[in-house]
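Structure, as structure tokens:
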Amino acid sequence: MNSIDEDNGILAKVGGQYIAQAMQTLPIAPTSKVAEAVAEIDAGWVGRVRIRYRIHKYRHHKTSMSTWVAVHAELVK
């Protein structure tokens, strides 16, 4: 999860539909060999953005899951 000290850039200005759409271009989280990935997308009125994702692993009782979580976004010039 993000710590309070970590900068997330313009992530709050990027709509959730664009974050989810860019996430679809990433490898499947449980089988990915990398812990971080980057995707670029046109995010409507915000413009073209580069979004950085990290794999987040979580547990629920005996089940362990992992998924991509957006942690930073920046404008692409």
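Would it be correct to say that THR31 is polar (S, T, N, Q) and more than 13 Å from the chain's Cα centre (by Cα)? Quick ask: steps written out before the conclusion?
On the way: polar (S, T, N, Q): yes; more than 13 Å from the chain's Cα centre (by Cα): yes.
The answer is yes for THR31.
Return only the number of the condition from (1) open to solvent by 50 Å² or more (accessible area, probe 1.4 Å); (2) at pLDDT below 95 that SER32 does not satisfy.
(1)
Determine the pairs where a residue that is touching a residue at least 24 places away in the same chain (Cβ under 8 Å) and of a type in the set (Asp, Glu), located within segment 61-77, has a partner that is open to solvent by 50 Å² or more (accessible area, probe 1.4 Å) and in a strand (DSSP E or B) with Cβ atoms under 7 Å apart, the partner being 6 or more residues away or on another chain.
Note: pairs meeting the criteria are GLU74/ARG50.
Taking the conditions exactly as written (surrounded by 11 or more Cβ atoms within 10 Å (Cβ to Cβ) and either among the basic types (Lys, Arg) or in contact (Cβ under 8 Å) with a residue 24 or more places away in the chain (or both)), does ARG50 satisfy them or not?
yes
The values are calculated or read from the model by the stated rules, or taken from the named source; none is laboratory data. Here the structure is a predicted model, which is why all the values come from computation and not from measurement. So basically every Cβ, Gly included, is an ideal-geometry build from the backbone, and we count neighbours across all protein chains shown. Ligands, DNA and RNA are excluded from the accessible area calculation, which covers all protein heavy atoms including side chains. Shrake-Rupley method; radii C 1.70, N 1.55, O 1.52, S 1.80 Å.
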